[in-house]
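Notes follow the structure.
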Amino acid sequence: MRVWDLPVRLFHWLLAALVAGSLVSVKLGGNAMVWHERCGIAILTLIAFRLIWGFVGSHHARFATFVRGPAAILASMQGRHRGLGHSPLAALSVLALLGAVGFQAVSGLFASDDIAFEGPLAARVSGTMSQWLTTLHKGNETILLGLIGLHVAAIAWYAIIKRRNLVRPMVTGDAPASGQAEASQDDARLRLRALLIAAGCAAAAWIVLLR
């Protein structure tokens, strides 16, 4: 059964690649900081797309499908969740990662090392504000790495303990059918909608940040 539409899968793997690229480039420093900035802007574009797609995307991509209240989260923790897509507990991880990565990208727009690098919007705020956001940007890296570590650990736990491969569905889009679970739409019309939204997000980023 189709669970993850192509736009969600592309978002997932592109985000992983860009986060890795931003971490490597900032550790290299120097001329690599140009790529750090480019990765950050691309990440911000992806996050904007995913937030919109969480309301207008396919069934399992929508926040309304997997973001639930305390009772559903408790049931998920007790192993009583049945269904495809993100569980209510996994939804917390999704929201935390989107929030942390999004904050990192936004704060980086205003960051400055007072030597050779400053974000594209650093000149639009005071020096004190830029310094404060730079401190938060650096501190949030530890939180982000911790969330990524938990994400990878959860995937490994599912694979080893529960014998459930979470990586394959994010590659192929399909997973074994479960009860009365609803399949996600993933046709040409949906993909065109995603392409138009992504193009709009990219255009907005270019107009605001790069012109």
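Here are a few things to note about the model shown:
- Simple rule: put +1 on each Lys or Arg Cβ and -1 on each Asp or Glu Cβ in the chain, find the dipole, and look at Val106, Ala116, Ser126; the Cα lying farthest toward the positive end is Val106.
- Charge dipole magnitude, Cβ of K and R +1, D and E -1 - region 6-210, Cα centre, debye nearest 20: 760
- Length added when fully stretched, Ala188-Arg163, from 0.36 nm per residue minus Cα-Cα: 5.7 nm
- The spacing between region 138-211 and region 1-69, judged by their C-alpha centroids, is 7 Å.
- Among Ile197, His137, Ala32 the positive-end extreme of the charge dipole of the chain (Cβ point charges): Ile197
- Extension gain for Glu141-Met77 works out to 20.3 nm (0.36 nm per residue, less the C-alpha to C-alpha distance).
- FRET efficiency, 1/(1 + (r/R0)^6) with R0 22 Å, evaluated for Val67 and Leu150 via beta carbons: 0.75
Values quoted throughout were computed directly from the atomic coordinates according to the rules given, and no laboratory measurement underlies them. Note that the structure is a prediction, hence the values are computed from the model and not measured. Cβ sites come from the backbone with ideal geometry, for glycine too, and all protein chains shown count toward neighbours.
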